[in-house]
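**Q** Below you will find the structure I want to go over with you.
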Amino acid sequence: MFKLSLLAMTPEEGAAEREAAAAPPDRRARRRQETIYEILDIARDVMTEEGVNGLSLAEVARRLGIKPPSLYKYFPSLMAIYDALFLEGQHQNLEAMRGGMQGTESGLDALIAGLEASGRWCLANRAVAELLFWRPVPSFHPSPEAFAVSVEMVEIQRGALADAVAKGQLGPAANEEGAIYLVSTLIVGVLSQAFANEPDLPWGDGRFTPTFATLMRLLPAAFPLDQ
């Protein structure tokens, strides 16, 4: 990782660097992690204000009050910041979905509740949600570690579909891969319309997100019990 010389730093940066170097290891690690969190917070703000593609190392550094090369002590590239945001966002979305499913009946009820909770999280975190589900940065490809959380989320949805089949709510075709594609198309389609037309409205308000429950009620017709 690139190491910025103290001679190339501002006096404030140099003082901070020397103070960090003199601190005990646990304090240095804590300060490093705090700076990483601050960088990611700033990156989210920039994406929210300027669009996901508007994120730049120069703007993050400016808002953090350091020179751009100093960021390399924390992230080796802009793509690494995107990857960290992707990983963090996937974890948050996964936890939102799990939380929505808790306390509901297994099967369709759990699936609908989980996806609605995910939808609420997406609307409340639009810039990161765009990074997760719309891939607005063509050159960004999530690392295997970051993408693994997305795979886990799909597996939970697949399990809810299997429960719905076992309870006689859906036909056996809901256990096939096409069912996951259909469900993801329904939720992402609703969110795409909401993002494009009503980005400032919470889930359940406006013209589009209220249609999700109706769309999910169409699943028994898409996967009838006699097929």
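**Q** Restricting attention to the stretch 119-132, which residues are part of a helix (DSSP H, G or I) and crowded, with 18+ Cβ neighbours inside 10 Å?
**A** Going residue by residue through the stretch 119-132, those that are part of a helix (DSSP H, G or I) are 119-124, 126-132.
Within the stretch 119-132, Gly119, Trp121, Cys122, Leu123, Ala127, Val128, Ala129, Glu130, Leu131, Leu132 qualify.
**Q** Now, a different point. Considering the stretch 62-95 alone, what residues qualify as being more than 27 Å from Leu123 (Cα to Cα) and free of Cβ contacts under 8 Å to residues at least 24 places away in the same chain? Let's see the steps before the verdict.
**A** Initially, the stretch 62-95 is screened for residues more than 27 Å from Leu123 (Cα to Cα), giving 62, 65-77.
Hits for the stretch 62-95 are Arg62, Pro68, Ser77.
**Q** Okay, moving on. Run down Leu108, Leu132, Leu55 and say which single residue is touching a Gly at 6+ places or on another chain (Cβ under 9 Å) and either not charged (D, E, K, R) or not assigned by TED's automatic domain parsing to the domain that holds Gly204 (or both).
**A** Numbers: Leu108 fails: touching a Gly at 6+ places or on another chain (Cβ under 9 Å); Leu55 fails: touching a Gly at 6+ places or on another chain (Cβ under 9 Å).
Criteria check complete, one pass: Leu132.
**Q** Among the candidates Leu85, Leu71, single out the residue that is surrounded by 15 or more Cβ atoms within 10 Å (Cβ to Cβ), closer than 17 Å to Leu55 by Cα and assigned by TED's automatic domain parsing to the domain that holds Ile36. Spell out how you get there, then give the answer.
**A** Working: Leu85 fails: assigned by TED's automatic domain parsing to the domain that holds Ile36.
Criteria check complete, one pass: Leu71.
**Q** Can you pull out the helices (runs of 4 or more DSSP H) entirely within the stretch 5-118 that have at least 3 residues that are modelled with pLDDT of 95 or more? Break it down stepwise before answering.
**A** On the way: elements: 11-22, 25-50, 57-64, 78-101.
Passing ranges, in order: 25-50, 57-64, 78-101.
**Q** Of all residues being among the hydroxyl-bearing types (Ser, Thr, Tyr) and in contact (Cβ under 8 Å) with a residue 40 or more places away in the chain in the stretch 96-133, which is nearest to Val183 (Cα to Cα)? Just the residue, please. Quick ask: steps written out before the conclusion?
**A** Filtering the stretch 96-133 down to residues among the hydroxyl-bearing types (Ser, Thr, Tyr) leaves 104, 106, 118.
From what's left, in contact (Cβ under 8 Å) with a residue 40 or more places away in the chain: 106, 118.
Numbers: Ser106: 16, Ser118: 13 Å.
Of everything passing the filter in the stretch 96-133, Ser118 is nearest to Val183 (Cα to Cα).
The values are calculated or read from the model by the stated rules, or taken from the named source; none is laboratory data. A quick note: this is a predicted structure, and the numbers were derived from the prediction, not measured. Every residue, glycine among them, receives a Cβ derived from its backbone with ideal geometry; neighbour counts consider all protein chains shown.
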